[in-house]
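K.L.:
Submitted below is the structure of interest, expressed as structure tokens.
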Amino acid sequence: MRIEKIDFDLLFISCTKVHLAKRLHALLVVSGKVRDLFISTRLVNLYSYLGDVSFSRRTFNQIPKKDIYTWNSMISAYVRTGRFHEALYCFHQFSFTSGLQPNFYTFPPVLKACGNLVDGKKIHCQVLKLGFQWDIYVAASLIHMYSRFGFVAVARKLFNEMPVRDIGSWNAMISGLCQNGNATEALDVLNEMRLEGENMDPLTVASLLTVCAQSNDMLSGMLIHLYVIKQGLEFDLLVSNASINMYAKFGCLANALRVFNQMDATDLVSWNSIIAAYEQNDDPKTALGFFNKMQQIGIQPDLLTLLSLASIVAQLADCQKSRSVHGFILRRGWVTENVAIGNAVVDMYAKLGAINSARNVFEELPTRDVISWNTLITGYAQNGLANEAIEVYNTMEECEEIIPNQGTWVSVLPAYSHLGALQQGMKIHGGVIKNNLHMDVFVGTCLIDMYGKCGRLDDAMSLFYQVPRENSVPWNAIISCLGLHGHGEKALKLFEEMLDKAVKPDHVTFVSLLSACSHSGLVEVGKHYFHVMQERYRIKPSYKHYGCMVDLLGRAGHLETAYDFIKSMPIEPDASIWGALLGACRIHGNVKLGKFASDRLFEVDSENIGYYILLSNIYANSGKWEGVDKVRSLARDRGLRKTPGWSSIEINNRVDVFYTGNQTHQKYQEICIELKVMTAKMKSLGYIPDFTFVLQDVEEDEKEEILTSHSERLAIAFGIISTPPRTPIRIFKNLRVCGDCHTATKYISKITEREIIVRDSNRFHHFKDGTCSCGDYW
DNA sequence: CTAGGGTTAG
């Protein structure tokens, strides 16, 4: 008898795969042993442990007279495999058809299923009636279930009243608090537990490390990890996985890697965690390396792996891999199963610039949540398609079941900033207030950016002083706005104020600050802060910082210093760096260095038309027409076409866009008449058209027409005839303001006695009474 | 032979 039992245990234990279980099952059927309730119940369990719950059910159905063991096994088989609906349905079947009474073993799985679906108050009543409330397993399940629904107080009361507690009860309480984000109280309970002489086990640690990561409590996290090492728990699978995640959230990749490397057994969660760690800390290459290694050792990726992978290929800008990632996800049918994975694919295509593919995937999604919409809006906005972003937002507004959240405002507001659509942006501001999110740091910052970039610096400032300012985000935005408007000194003052308030500046702060210095010609100050950034704040300069420095030195005319600066950079200069030098050469008319810079530039990026135009303008400026021709034909040979320039103006809630030479506007005739009158008045005041940048092979009279048909000229003229006298005019354009338009606009501001504010791709130009506040660089 | 508390997510 005893020997036979051991044999069965061995048989069951040795079945580690479904096909082995099936062979054992067949053997048991042949030998007639399957008629034994004892044996068949074990089969029900075996199949569920191997993940195949349908075979559990089939075996279960073939058992003619089921006892309480069999029912309990079937219910927990469903719970084990995550089939919570089926588990509850099975429990109902049991209650109504079996005629049996549930026992202590029945409730924990049932309560777990409730925790994932519906509030289990009714089950709790049944537990009370049967007097099972203080069984430690049942009680832990109740605590867990109530915590899942946020009834932490109920859970806490139950926990406090428990006559006997074990480590499982403490874990249930601590994890309940952790899952509700209540780190402080969780740590309090932990202290109580230690006072009662109970030690943490791997499960306690896993919960606590997770909540430390969420609440950014690095100190407690480290202390717990120290304790882990002291207790010898550091090699535990669960503890290690949770540690990797925590260190990744804190950005300590070295620690995450150390934990991963010292593990003696890893599972899918470990691999997903280390891959996500690198993916989320902007190291897609290493992340991909881990993914490859994981495949080599034969671990199958799951949905979460692919979520990371989609982001990795987007960061690597690898279009080919992106299609295989999409294909893999489609073959597994995961898109229909989970919204998040579909959203990740939309995001991946959008980040790769394949916005149409992103749109197609979005249209095909079986269900869309608010994040799907936010992802698409952000995708359009980040690809420079602000109008499309707004259109998508408007479509979303029509879906009643989708409620905009913080992410929605953060994704759509930059589109209004981009277009300079102040009045429409203000409508969004209204919507934000209605949703009570205007005091949210991120939304507030987008609003600051929107008002700043739409020319309302005062409104941006007053909003800035309303939002919470504990972190750097709003400070960065306002410093950047001040820089754009040419208020370098004020930007510096705000930076000092930020330090006074003990707000820690980050890499973005310094980009804003350095570009503010460069816009206002504050060379020495800029150099000083570039050093402060590295010495005091230990921030490694990125391309953006180097670009700002080259711009700062170059704009101020220190072209050689700028070039020396580039030579001293520890990283290989990219297109943005050479572009900054080229731009400076253009301002100061340095043909030789300009040619050199553009040669380097075309080595790293030969596709950007803007740089060809810059170089051709340098040649044109010094009358070197062969140079102009050469650059132009070079660009033509490479199949590059000039980006069409446009300017927009918002009048009565409507944004009108003008392209250069565009004659289709309904008020075109009136605009022409206004421009003619204006040009005559300007000339009488001493205006001389500057044809430097117009092709030299055009007839004289045509040249002037080209200048007067520049998009900003059209937009300004339209503004003058469509708004009351002396009111300010705000213009937005995608390219830089050209030299002639800059001069002309000064005259126009004097003649019409209007303030004219032009935002170009670089900065703001405030024209007033014949002068421009931005100095004379454009 | 049946039970609780745990780690990765856009």
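The values are calculated or read from the model by the stated rules, or taken from the named source; none is laboratory data. Quick caveat, the model's predicted, so the values are computed rather than measured. Because the Cβ atoms are built from the backbone with ideal geometry, glycine has one as well, and the counts that use them run over all protein chains shown. Just so you know, the surface numbers come from the protein's heavy atoms only, side chains and all, with ligands and any DNA or RNA stripped out. Shrake-Rupley method; radii C 1.70, N 1.55, O 1.52, S 1.80 Å.
K.L.:
Consider A:Gly583 carefully, then state whether it is surrounded by 20 or more Cβ atoms within 10 Å (Cβ to Cβ) and at pLDDT 90 or above.
P.N.:
Considered against the rule, which asks whether it is surrounded by 20 or more Cβ atoms within 10 Å (Cβ to Cβ) and at pLDDT 90 or above, A:Gly583 comes out as no.
K.L.:
Looking at the stretch A:430-473, which of its residues are assigned to a helix (DSSP H, G or I), under 22 Å from the mean Cα position of the chain (by Cα) and over 15 Å from A:Pro414 (Cβ atoms)?
P.N.:
Passing the criteria: A:Val441, A:Ser472.
K.L.:
Follow-up question, since we're still on this one. Restricting the search to the stretch A:650-670, which residues are surrounded by 13 or more Cβ atoms within 10 Å (Cβ to Cβ) and over 16 Å from A:Cys741 (Cα atoms)?
P.N.:
A:Glu650, A:Ile651, A:Val655, A:Asp656, A:Val657, A:Asn662, A:His665, A:Lys667, A:Tyr668, A:Glu670
K.L.:
Another question, if that's okay. Can you tell me how many residues within the stretch A:54-79 are away from DNA strand B (no atom under 13 Å from the Cβ) and in a helix (DSSP H, G or I)?
P.N.:
Residues meeting the conditions: 5.
K.L.:
Same structure, new question: Which residue, of A:Asp201, A:Asp264, is open to solvent by 60 Å² or more (accessible area, probe 1.4 Å), touching a residue at least 12 places away in the same chain (Cβ under 8 Å) and closer than 30 Å to A:Met294 by Cα?
P.N.:
Sole residue among the options that is open to solvent by 60 Å² or more (accessible area, probe 1.4 Å), touching a residue at least 12 places away in the same chain (Cβ under 8 Å) and closer than 30 Å to A:Met294 by Cα: A:Asp264.
K.L.:
Quick one: is A:Gly232 more than 9 Å from DNA strand B (Cβ to nearest atom), assigned to a loop (DSSP other than H, G, I, E, B) and either among the hydroxyl-bearing types (Ser, Thr, Tyr) or out of contact with any strand residue (DSSP E or B) (no Cβ under 7 Å at 6 or more places or on another chain) (or both)?
P.N.:
When the stated conditions are applied, A:Gly232 passes them.
K.L.:
I need the full set of residues from the stretch A:154-187 which are near DNA strand B (Cβ under 7 Å from one of its atoms) and either charged (D, E, K, R) or more than 23 Å from A:Asp135 (Cα to Cα) (or both), in order please.
P.N.:
Residues satisfying the conditions are A:Asp166, A:Cys178, A:Gln179.
K.L.:
Is there a residue in the stretch A:271-288 that is within 9 Å of DNA strand B (Cβ to nearest atom) and open to solvent by 50 Å² or more (accessible area, probe 1.4 Å)?
P.N.:
Looking for residues that are within 9 Å of DNA strand B (Cβ to nearest atom) and open to solvent by 50 Å² or more (accessible area, probe 1.4 Å), one finds at least one in the stretch A:271-288, hence yes.
K.L.:
Next question. Take the conditions open to solvent by 40 Å² or more (accessible area, probe 1.4 Å) and either under 34 Å from the mean Cα position of the chain (by Cα) or of a type outside the set (Lys, Arg) (or both) and apply them to A:Ile609. Does it pass?
P.N.:
Considered against the rule, which asks whether it is open to solvent by 40 Å² or more (accessible area, probe 1.4 Å) and either under 34 Å from the mean Cα position of the chain (by Cα) or of a type outside the set (Lys, Arg) (or both), A:Ile609 comes out as no.
K.L.:
Which residue, of A:Gly51, A:Gly82, is on the phi > 0 side of the Ramachandran plot and within 12 Å of DNA strand B (Cβ to nearest atom)?
P.N.:
A:Gly82
K.L.:
Please enumerate the residues belonging to the stretch A:179-215 that are under 22 Å from A:Val269 (Cβ atoms) and in a loop (DSSP other than H, G, I, E, B).
P.N.:
The answer is A:Gly181, A:Met200, A:Asp201, A:Ser215.
K.L.:
Can you confirm whether A:Asn245 is modelled with pLDDT of 95 or more, assigned to a helix (DSSP H, G or I), more than 27 Å from A:Ser215 (Cα to Cα) and not aliphatic (A, V, I, L, M)? I'd like the intermediate steps shown before the answer.
P.N.:
On the way: modelled with pLDDT of 95 or more: yes; assigned to a helix (DSSP H, G or I): yes; more than 27 Å from A:Ser215 (Cα to Cα): no; not aliphatic (A, V, I, L, M): yes.
It is false that A:Asn245 is modelled with pLDDT of 95 or more, assigned to a helix (DSSP H, G or I), more than 27 Å from A:Ser215 (Cα to Cα) and not aliphatic (A, V, I, L, M).
K.L.:
Go through the stretch A:85-109 residue by residue and tally those that are more than 9 Å from DNA strand B (Cβ to nearest atom) and either in a helix (DSSP H, G or I) or among the small types (Gly, Ala, Ser) (or both).
P.N.:
15
K.L.:
A:Asp7 fails exactly one of the following numbered conditions: (1) more than 13 Å from DNA strand B (Cβ to nearest atom); (2) open to solvent by 70 Å² or more (accessible area, probe 1.4 Å); (3) closer than 22 Å to A:Arg80 by Cβ; (4) not in a loop (DSSP other than H, G, I, E, B). What is the number of that condition?
P.N.:
Against the list (1) more than 13 Å from DNA strand B (Cβ to nearest atom); (2) open to solvent by 70 Å² or more (accessible area, probe 1.4 Å); (3) closer than 22 Å to A:Arg80 by Cβ; (4) not in a loop (DSSP other than H, G, I, E, B), A:Asp7 comes up short only on (3).
Residues checked against (1) in contact (Cβ under 8 Å) with a residue 40 or more places away in the chain; (2) under 22 Å from A:Lys681 (Cβ atoms):
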{"position": "A:Lys733", "(1), (2)": "yes, no"}
{"position": "A:Thr743", "(1), (2)": "yes, yes"}
{"position": "A:Ser749", "(1), (2)": "no, yes"}
{"position": "A:Phe764", "(1), (2)": "yes, no"}
{"position": "A:Asp769", "(1), (2)": "no, yes"}
